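S.K.: Okay, handing you the structure first.
The values are calculated or read from the model by the stated rules, or taken from the named source; none is laboratory data. Computed from a prediction, not measured in an experiment: that's the story for all the values here. With ideal geometry, Cβ positions are generated from the backbone for all residues, glycine too; neighbour counts draw on all protein chains shown.
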Amino acid sequence: MLEIYGISLPTPYQVGPVNSYLIKNHPYTLVDPGPESTAAKKSLADGLSALGVSIKDIRRVVLTHCHPDHSGLARWVREQAGASVYIHKLEIRKLQEGYDKFQERLPFLREAGMPESVIQEIISDKDPLAYPILPKSGVEVLLGGEELDFKGGSLQVLHMPGHSGGHICLYEPKDKVFLPGDFILKNITPNPIMEADPADFKKRIPSLRQHLESLKKMEGMDIRLILPGHREIINNSREAAFKAQEHHRQRLEAVLSILDDNSLNAYRIMREVYPEVKGFQCFLGISEVFAHLDYLQAGGKVVGEDCGGVVYYRKAL
């Protein structure tokens, strides 16, 4: 049996605190150590201390994905404790010094018909958190399918992309506990973040298809308790999966409805769905819209036509 304890850490984001998890079985392991900030460091150290553990006792850090509120303190814990950092292969390039998350997505923003002023608004909307960088040593690469052994139990590593291309979840089979990071959350639906396909940077990864396939995988699992990356625990995994799928079904219908007798680019559609968004929220909005358009186009329900570098979508005949 694994002893799993949640530690709430502050973030500057609208989603609120992030949940870091201590596996208090040897080797002591932290899942998602939280954002790189003075407040988060103190909260993490205090939370561990309350559980009778020091930062220096941590032997492994497991990152569910690369986003700063989850991965920011990985390097610090490595420096303090010599802990190994476990992360999926597809997330590693996004946590390297000099990585520019907007540069590889710039062609997609222009393909969307997004005005240059809005693109600059997104780029200039600085993240309040420092960009996380992996340590230069001690990084262990995951592909999914691995098992992390502890004294008293194990965690299965599951590659479940959609919110991020290399997103992993962890499953403890004896007590049927699921640690999904941001894959599934209570009362909110994680954004299918737009990313370039590492196999062909001119293409987007099919983030919504990936996410829906991962939800189907979760539906088939025997899960008693979900310990998510944000907000409260989830006691009914099938209900949570249904709600997430229903959200996307309704959003797909909404996009199709917007396209009734219209030929619109992705930016125009985004403004119909999210008329008030600004700054980085525009990037999240266009990620959501592109995810649904790509899914509809792959299913033959919409057609995209390139007009001078901007793609216009219409319902398929």
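S.K.: When you go through ILE119, ILE133, ILE123 one by one, which is the residue that is outside any helix (DSSP H, G or I) and without any contact (Cβ under 8 Å) to a residue 60 or more places away in the chain?
M.R.: ILE133
S.K.: If I filter segment 80-121 down to residues being under 19 Å from the mean Cα position of the chain (by Cα) and of a type in the set (Val, Ile, Thr), which single residue comes out as farthest from LYS202 (Cα to Cα)?
M.R.: VAL85
S.K.: In addition: Spot the failing condition for SER287; the list is (1) buried (at least 19 other Cβ atoms within 10 Å of the Cβ); (2) more than 20 Å from GLY162 (Cβ to Cβ); (3) of a type in the set (S, T, N, Q), and only one is missed.
M.R.: Condition not satisfied by SER287: (2).
Conditions tested, residue by residue: (1) of a type in the set (A, V, I, L, M); (2) under 23 Å from GLU272 (Cα atoms); (3) at pLDDT below 95.
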position: VAL118; (1), (2), (3): yes, yes, no
position: PRO135; (1), (2), (3): no, no, no
position: LEU155; (1), (2), (3): yes, no, no
position: LEU170; (1), (2), (3): yes, no, no
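S.K.: For LYS101, which of the numbered conditions (1) touching a Phe, Trp or Tyr at 6+ places or on another chain (Cβ under 9 Å); (2) modelled with pLDDT of 95 or more fails to hold?
M.R.: (2)
S.K.: Here's a follow-up. Taking the conditions exactly as written (buried (at least 17 other Cβ atoms within 10 Å of the Cβ), assigned to a strand (DSSP E or B), in contact (Cβ under 8 Å) with a residue 24 or more places away in the chain and of a type outside the set (Asp, Glu)), does LEU148 satisfy them or not?
M.R.: Answer is yes for this residue.
S.K.: Keeping to segment 195-228, report how many residues are in contact with a Phe, Trp or Tyr (Cβ under 8 Å, 6 or more places away or on another chain), among the small types (Gly, Ala, Ser) and closer than 19 Å to PRO173 by Cα.
M.R.: Counting residues in segment 195-228 that are in contact with a Phe, Trp or Tyr (Cβ under 8 Å, 6 or more places away or on another chain), among the small types (Gly, Ala, Ser) and closer than 19 Å to PRO173 by Cα gives 1.
S.K.: Tell me which of these ASP260 doesn't satisfy, since it passes every other one: (1) over 24 Å from GLU91 (Cβ atoms); (2) assigned to a helix (DSSP H, G or I); (3) not aromatic (Phe, Trp, Tyr).
M.R.: With respect to (1) over 24 Å from GLU91 (Cβ atoms); (2) assigned to a helix (DSSP H, G or I); (3) not aromatic (Phe, Trp, Tyr), ASP260 is out only on (2).
Condition check ((1) among the small types (Gly, Ala, Ser); (2) over 20 Å from TYR312 (Cα atoms); (3) part of a loop (DSSP other than H, G, I, E, B)) across all residues:
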{"site": "LYS217", "(1), (2), (3)": "no, yes, no"}
{"site": "ALA241", "(1), (2), (3)": "yes, yes, no"}
{"site": "GLN250", "(1), (2), (3)": "no, yes, no"}
{"site": "LYS278", "(1), (2), (3)": "no, yes, yes"}
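S.K.: Now for a separate question. Taking only pairs six or more apart or across chains, which ones have beta-carbon atoms under 6 Å, a first residue in segment 271-293 that is under 20 Å from VAL311 (Cβ atoms), and a second residue that is charged (D, E, K, R) and crowded, with 16+ Cβ neighbours inside 10 Å?
M.R.: Here the result reads HIS292/ARG251, each pair linking segment 271-293 to a residue that is charged (D, E, K, R) and crowded, with 16+ Cβ neighbours inside 10 Å.
S.K.: Which ones in segment 200-224 are more than 15 Å from the chain's Cα centre (by Cα), hydrophobic (A, V, I, L, M, F, W, C) and more than 18 Å from VAL157 (Cβ to Cβ)?
M.R.: Listed by number, the list holds a single entry, PHE201.
S.K.: Also: Return the total of residues in segment 158-216 being surrounded by 17 or more Cβ atoms within 10 Å (Cβ to Cβ) and acidic (Asp, Glu).
M.R.: Going through segment 158-216 one residue at a time, the tally reaches 3.
S.K.: Shifting gears a bit: Based on what the data block shows, is ALA254 part of a helix (DSSP H, G or I) and in contact (Cβ under 8 Å) with a residue 40 or more places away in the chain? Give the steps one after another, and end with the answer.
M.R.: Working: part of a helix (DSSP H, G or I): yes; in contact (Cβ under 8 Å) with a residue 40 or more places away in the chain: no.
No, not satisfied.
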